[in-house]
Amino acid sequence: MSQQTVIDELQRLGMTGYEAKAYSALVAAGGPLSGYEVAKRSGVPRSTVYETISKLANRGAAYEVRTGEDVVSYIALPPTALLDRLGREFDASIDTLREALPRLAAPTHVRMMHDLPDRSSLLARAEDVVTAARTDLFVSGFPEEIEALKPVIRQAEDAGVDVTAVVFGEDDDPVGRTFTHRFSAPEVVLENLGCRLLVLVADRDQAVIGGAVEAEGWGAYTDDPAVVLVAVEYVRHDIALHLIAERFATADEFDTFWNSDPTLRGFRSDHGAPAALLKRIGVGGKQTRPVRGRRRREPRIS
């Protein structure tokens, strides 16, 4: 990790650029430095270096030491101690805000829906939804996206959230109650949907719905109760159909029914439509091609 990375992260935790540079220089020195030496090693202007060191001292990140009768030098608070202190201060601020912010919030008059224009924003907003869950979490998706979300999903599960997931593909390390989508190969589902569909709902209160093709993605976040309800029921309905089919239908019977019923065949005729709709919502016309391919006569429940 480069020194610039350290400086950038210290700034993210509240230090100014000069403070982060001066602290990094003191840590790297391994011993006392004069103000002149701090300026020389850090790049902080000599005109502001003593003010900068004073700010570090006020926050407890640096200390003044006397190495001679009239010689003043400075040393850094050890990194582990600084990080522990910053962690305590951060946690205290979060606790305060957790109590105070809801008191400031006005009643919601408009339900939220906002676009997620790429895969990174889709996954980041999905992480937000997962961490907001307190009672239940419904997930439906492909291994590529679910794997990226597993760390926060496991944290939610450890905190007592009831996690239910449908995975389109094999998952050797499932989270919560995971149901593998067994009645169609993942590539068939991908062909029909046109993308790796991701549906994630927390506490039946907020949802992320999106799609991904290779490294690209798009979608939307919403707390609209109607949309959230449909998203939850989509996942629950998919699981229910799987359980019913496994319990009451033989493979031959199901395959014949799936491929011959005219209504179901009509449902499968709009290959790629879900991807196209999500793309319009998430990126407002960005040209991302849905996955298409030769149709295969394999059963699918989704």
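Since every read-out is calculated from the coordinates, none of them should be taken as a lab result. As the structure is a computational prediction, the values presented were derived from the model and not from experiment. Every residue, glycine among them, receives a Cβ derived from its backbone with ideal geometry; neighbour counts consider all protein chains shown.
Computed extension length for R177-A92: 27.1 nm, one decimal, from 0.36 nm per residue of separation with the Cα-Cα distance subtracted.
In whole Å, how far is the Cα centre of region 92-170 from that of region 171-225? Cα centroid to Cα centroid, the span is 14 Å.
Each residue in S2, S34 was given a count of other beta-carbon atoms within 10 angstrom of its own, and listing them fewest first yields S2, S34. Remark: S42, S184 ranked as S184, S42, counting other beta-carbon atoms within 10 Å and listing the fewest first. For the peptides 165-173, 144-152, the ranking by mean Cβ contacts within 10 Å, running from highest to lowest, is 144-152, 165-173. Cβ crowding within 10 Å ranks T180, T164 as T180, T164, fewest other Cβ atoms first. In a reduced charge model with +1 at each Lys and Arg Cβ and -1 at each Asp and Glu Cβ, the chain shows a dipole moment near 840 debye about its Cα centre. Round to the nearest 10 and give me the degree value, 0 to 90, for the angle of helix 3-12's Cα axis relative to the longest principal axis of the chain. So the inclination is approximately 80 degrees.
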